1. If you scan segment 34-53, which residues turn out to be of a type in the set (D, E, K, R) and in contact (Cβ under 8 Å) with a residue 40 or more places away in the chain?
2. Out of 55, 107, which single residue is assigned by TED's automatic domain parsing to the domain that holds residue 163, out of contact with any Gly (no Cβ under 9 Å at 6 or more places or on another chain), surrounded by fewer than 14 Cβ atoms within 10 Å (Cβ to Cβ) and on the phi < 0 side of the Ramachandran plot?
3. Considering each residue of segment 154-179, count those that are out of contact with any Lys or Arg (no Cβ under 6 Å at 6 or more places or on another chain), within 22 Å of residue 16 (Cα to Cα) and part of a helix (DSSP H, G or I), and give that number.
4. Kindly indicate whether any position in segment 55-62 is in contact (Cβ under 8 Å) with a residue 24 or more places away in the chain and among the β-branched types (Val, Ile, Thr).
5. Identify all residues within segment 9-35 that are assigned to a loop (DSSP other than H, G, I, E, B) and surrounded by 14 or more Cβ atoms within 10 Å (Cβ to Cβ); write none if there are none.
6. Kindly provide the set of residues from segment 8-54 that are basic (Lys, Arg) and more than 14 Å from the chain's Cα centre (by Cα), ordered by number.
7. How many residues are over 14 Å from the mean Cα position of the chain (by Cα) and not in a helix (DSSP H, G or I) when one looks only at segment 58-100?
Amino acid sequence: MNTKAILFDAYGTLFDVNSAAEKYKDKIGDKWEVFANFWRTTQLEYTWLRSLMKRHKDFWKITEDSLDKSMKVFNIDMSMKNDLLNLYRVLSPYPEVKEVLENLKKRQFKLAVLSNGTPALLNELVKSNDLDNLFDDLFSIEEVKIYKPDVKVYDMPINKYKIKPSEIVFLSANTWDVSGGGNYGYNAVWVNRNNNIFDNLDYNPKDEINNLSQLLDLI
């Protein structure tokens, strides 16, 4: 594998999207995990639907809209809305993330994030977690105004680095994103943290790992 760049999805791959709701689990109660999953699923559905309808809103606004619906569905006190929303700015990375990135950086791979997140959100996330010196680029879909898995998103690193899709390793915990990147031509690796089942979307990842540490054995 002639790898020149390694791209990471942000949400669910580098950063734990459930960590926002977990910080409020005492106030939300036993339903916090189901609520967090519903919020995330609704958030993703809104990105796909808005892409199809060509009614773009940035990821922060979609996160707010999906939170608003989720809180109503689970009858959560709306006075907590701003607190929950702002937690999305400071999501926690998974435990192995920094060490893996440092290892890859020493090996002189070009490292980047390819995400639905806004530039401001991504910058805040990597800086608050002391990861900003490890990435060469933070690619946001706001550059093309359409969400993954549209090919315009996967075009961005190719256009910037002037390399072939086959020279990129792309990691995501989201099966639809792995399929999107894989069908585009990336060497897409599924980060299957929760022992899930892969979707039937015309792509089978060559590699499946349980956490990012296992990437070091593949590269």
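The values are calculated or read from the model by the stated rules, or taken from the named source; none is laboratory data. Since the model is a prediction, treat every value here as computed from it, not as a measurement. Neighbour counts are summed over all protein chains in view; Cβ atoms, including those assigned to glycine, are modelled from backbone coordinates with ideal geometry.
1. 50
2. Going through 55, 107 in turn, just one is assigned by TED's automatic domain parsing to the domain that holds residue 163, out of contact with any Gly (no Cβ under 9 Å at 6 or more places or on another chain), surrounded by fewer than 14 Cβ atoms within 10 Å (Cβ to Cβ) and on the phi < 0 side of the Ramachandran plot: 107.
3. The qualifying residues number 4.
4. Among the residues of segment 55-62, not one is in contact (Cβ under 8 Å) with a residue 24 or more places away in the chain and among the β-branched types (Val, Ile, Thr), which makes the answer no.
5. 9, 10, 12, 13, 14, 16, 17, 18, 23, 24, 31
6. 23, 25, 27, 31, 50, 54
7. The number of residues fulfilling the criteria is 7.
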